Amino acid sequence: MSAALSNNASRMLAVPTAQDIAGEKTMLLAFWVTGFLALAVGIAIGVLQSTNYAGIDLYPYLYPFLKTYYQGLTMHGVLNAYVFTFFTISGWLMYLPARELKLKPNMGLAWFTYALMLLGTLMAAYGMFDNSSSVLYTMYAPLKGSAWFYLGITLVVVASILPLFVVLDMRSRWKKAHPGQLTPLVTYMSATTLLMWLLAALGAGTEAVFLLDPWALGLTHTIDPLLARTLFWWTGHPIVYFWLMPGYVSIYALLPRQAGGKLISDPLARMAFLLLFVFSLPVGTHHQYTDPGISPILKGIVTALTLSVAVPSLITAFTIALSLEYGGRRRGGKGLMGWWTALPWKDASVAAQVLALVSFIFGGAGGIVNASWQLDNVVHNTLWIPAHFHLTVGTMTTLVFMGVSFWLLPHLTGRKLYSPKLALWSVWLWFLGLMTWGFAGHWAGMDGVPRRAWVSSLPHDQYMQLYGAVHPALIIVGIGGAIAALGAILYYIVFFGTLFGQKNAKAMVEIPFTDYITSSEGSVLARVAEPLGLWTLITFVITLAVYIPVFWPMLTHPIHAPGFVLW
Ligand code: HAS
Ligand code: CU
């Protein structure tokens, strides 16, 4: 009995050996390299998307590799928004808590996650490359893709849930060994993000398993487009926080130290994560303000709820600005804005993350416009929306991860960062390129240029007749895309240069976990935020309260539409 107990205790507290840590690093490296390879392909196709708007049709040059703009658009969206993010985030959220808690993660499950995600990605990639599934990254039925595509995406989504169990297992082992203590911050943030994603994935998971997969396999012959869309957006809104929150982990828990300071408040960081968890789930129908079949009263309620989801990001803006100011002043910054110039701008990792935050001021402001039902009617389905998400997921999420990679790759491989100067150039070009794109895309969108339109395939006079008035904005969209692509080329030189560069004992930098000015010791807020099981239940109940009235009319008046293949 006592032998069993002590065995159990030693498993709970097993401090990982150097060999264990090396194994964890290999695992994270596999996730990140795969994710960034997908991003490279996605970015290359992105150039074709932005030149399309400038009126230059490059697609014919890529025939038969890429047959249409819509095939390119599907691949661009899936590779960047799902494959890149899911791989990098899954590895990141398992590795950081393991190192913070100094516990061994369940490596079998971690590698299984990787294998399943890779299998799903390859299946979906096959469905996209053979041009059977140009259904756009939102998978809008009744556009009909192949079973390879839908089953592949299903596996990717299932795999993305598994890291939650790796993290919860470590958290419960740690809590058993430290009774009464609060979960350390990074683990708290990781667990909240993954619990949020568990509830979020229920929508797309249900859509895939019960609607899309049987339909694509020929087991059912029609589909309900409204039900499918609504299930998609159940997931499709909170997924944006699944992209944002892992970036916030770095912004809150690592960046303040990298910038020479400390995080202002640990309890406030927990509260921001908890609010993101609770508020992001019930608001998916704000992507459906223009859809029929959803009651206007519910659209009004969702508008109010969506505006509240901006609150945790506003808390973040002030908390992080103050933390950065503290860092800048410690580095000698004086006067009103001297702290800003005193930040370590030459450090590409810091520059990337601070620039990402700057871009997010504009991305977030655009989101608040979208959130309002009335204003969304002006911008919905125009180029404004891609402009919004290139400043959020395209800049905030991606640029933070690029910045993280500048210390993470040396940390994982023991190799020096290849050309810190080039890294800094890549960051600035990515930022300037996408800010330019974002500015011009918002402008063109307000003038009514539609999103997802192969405008460059029109004869030139027809293109000019339709879009001539906004041609300057559309040319700037093309230029912004080209600048960002140049940044990406430099980024990948640094990325591969580091992966295949010199080994150097000093390169193995430690994870820059930050200190806090106000810790969570004795904080009522932190105690209230701690019971994550209870908060998951509360969030689920609120989500159902909003969604049951949304689904009820759809379930009682189903639509049966045949599938279409329009390309
Ligand atoms: Fe969004 C559409 C509403 C945030 C991504 N969004 C999209 C789509 C994507 C996306 C991909 O309500 C398109 C989907 C499609 O294909 O159809 N979004 C919001 C709101 C927020 C928001 C209210 N979105 C995001 C984030 C994304 C993302 C984050 C990805 C990561 N979005 C919408 C709506 C639609 C939509 C509607 C549907 C529109 C339609 O018609 O289809 C909020 O979360 C935003 C809150 C953010 C802030 C900014 C805080 C600022 C910070 C930086 C501080 C700077 C510092 C630096 C500290 C309030 C944290 C110091 C600097 C100094 C100068 C001192
Ligand atoms: Cu949304």
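For residue 382, list long-range residues whose amide hydrogen, built 1.01 Å from N in the peptide plane, is under 5 Å from its own amide hydrogen.
Those qualifying (amide H under 5 Å, at least 5 residues apart or on another chain) are 451.
May I ask you to rank 290, 193 by accessible area, largest first, using a 1.4 Å probe over the protein chains only? Write out the running numbers ahead of the final one.
Values: 290 65, 193 0 Å².
Accessible-area ranking of 290, 193, largest first: 290, 193.
Starting from the residue with the highest accessible area, list 257, 452 in decreasing order, probe 1.4 Å. List each step's numbers first, then the result.
Numbers: 257 125, 452 50 Å².
Output order, biggest surface exposure first: 257, 452.
Evaluate E = 1/(1 + (r/R0)^6) for residue 340 and residue 56, where r is the Cβ-Cβ distance and R0 equals 51 Å; express this FRET efficiency to the nearest 0.05. Please list the in-between numbers first.
Working: r = 38 Å, r/R0 = 0.75.
After rounding to 0.05, the efficiency reads 0.85.
For an R0 of 30 angstrom, estimate the FRET efficiency from the Cβ-Cβ distance between residue 452 and residue 422 and round to the nearest 0.05. Walk me through the numbers before you get to the answer.
On the way: r = 34 Å, r/R0 = 1.14.
Result of the calculation: an efficiency of 0.30.
With every protein chain left in place, what is the accessible area of residue 427 in Å² (1.4 Å probe, nearest 10)?
0 Å²
Given H placed 1.01 Å from N in the peptide plane, which residues other than close sequence neighbours of residue 146 have an amide H under 5 Å from its amide H?
For residue 146, the qualifying residues are 133.
Given the protein chains as shown and a 1.4 Å probe, how many square angstrom of residue 489 are accessible, to the nearest 10?
Rounded to the nearest 10, that gives 100 Å².
Would you mind finding the longest exposed-site-free stretch of the chain, with exposed GluC sites (Glu not before Pro) meaning DSSP loop and at most 15 other Cβ atoms within 10 Å?
Result, exposed sites excluded: 1-509.
Out of residues 5 or more away from residue 264 or on other chains, whose amide H comes under 5 Å of its own, with H placed 1.01 Å from N in the peptide plane?
Under 5 Å from the amide H of residue 264 lie the amide H atoms of 323, 517, each far enough along the sequence or on another chain.
First compute the accessible area of the chain with a 1.4 Å probe, then give the percent of it belonging to carbon and sulfur atoms. Intermediate results must be reported in sequence, preceding the final value.
Values: 15920 of 22120 Å².
Percent of accessible area from carbon and sulfur atoms in the chain: 72.
Helix-only estimate, please: 222 nm mean residue ellipticity of the chain, summing -39500 (n - 2.57) across DSSP H runs of length 4 or more and dividing by its residues, to the nearest 500.
Numbers: 24 runs with 389 residues, N = 567.
Here the helix-only value at 222 nm equals -23000 deg cm²/dmol.
Once you keep just the Cα pairs under 8 angstrom separated by 6 or more residues, what percentage relative contact order results for the chain? Could you put the intermediate results ahead of the total?
Details: 915 pairs, mean separation 105.4, N = 567.
That works out to 19 percent.
Go through 559, 223 and list them by solvent-accessible area, largest first, probe radius 1.4 Å.
Values: 559 80, 223 5 Å².
The most accessible residue leads, giving 559, 223.
Quick one: compute the contact order of the stretch 113-229, relative version, from alpha carbon pairs under 8 angstrom and 6+ residues apart, as a percent.
Working: 114 pairs, mean separation 37.1, N = 117.
Reported as a whole number, the value is 32 percent.
Using per-residue counts of other Cβ atoms within 10 Å, averaged over each peptide, order 90-99, 127-136 from highest down.
Working: 90-99: 25.4, 127-136: 20.9.
My ranking of the peptides, most packed first, is 90-99, 127-136.
Probe of 1.4 angstrom, ligands and nucleic acids ignored: what's the accessible area per residue over the chain, in square angstrom?
Working: 22120 Å² over 567 residues.
Heavy-atom accessible area per residue stands at 39 Å².
Give the Kirkwood hydrodynamic radius (Å, one decimal) of the stretch 354-408, defined as one over the mean of 1/r across all pairs of different Cα atoms.
On the way: mean 1/r = 0.0852 Å⁻¹.
Hydrodynamic radius (Kirkwood, Cα only) of the stretch 354-408 equals 11.7 Å.
The values are calculated or read from the model by the stated rules, or taken from the named source; none is laboratory data. A quick note: this is a predicted structure, and the numbers were derived from the prediction, not measured. When we count neighbours, we look across all protein chains shown, and the Cβ atoms used for this are built from the backbone with ideal geometry, even at glycine. Remember, those area values only see protein heavy atoms, side chains included, never the ligands or the DNA or RNA. Shrake-Rupley method; radii C 1.70, N 1.55, O 1.52, S 1.80 Å.
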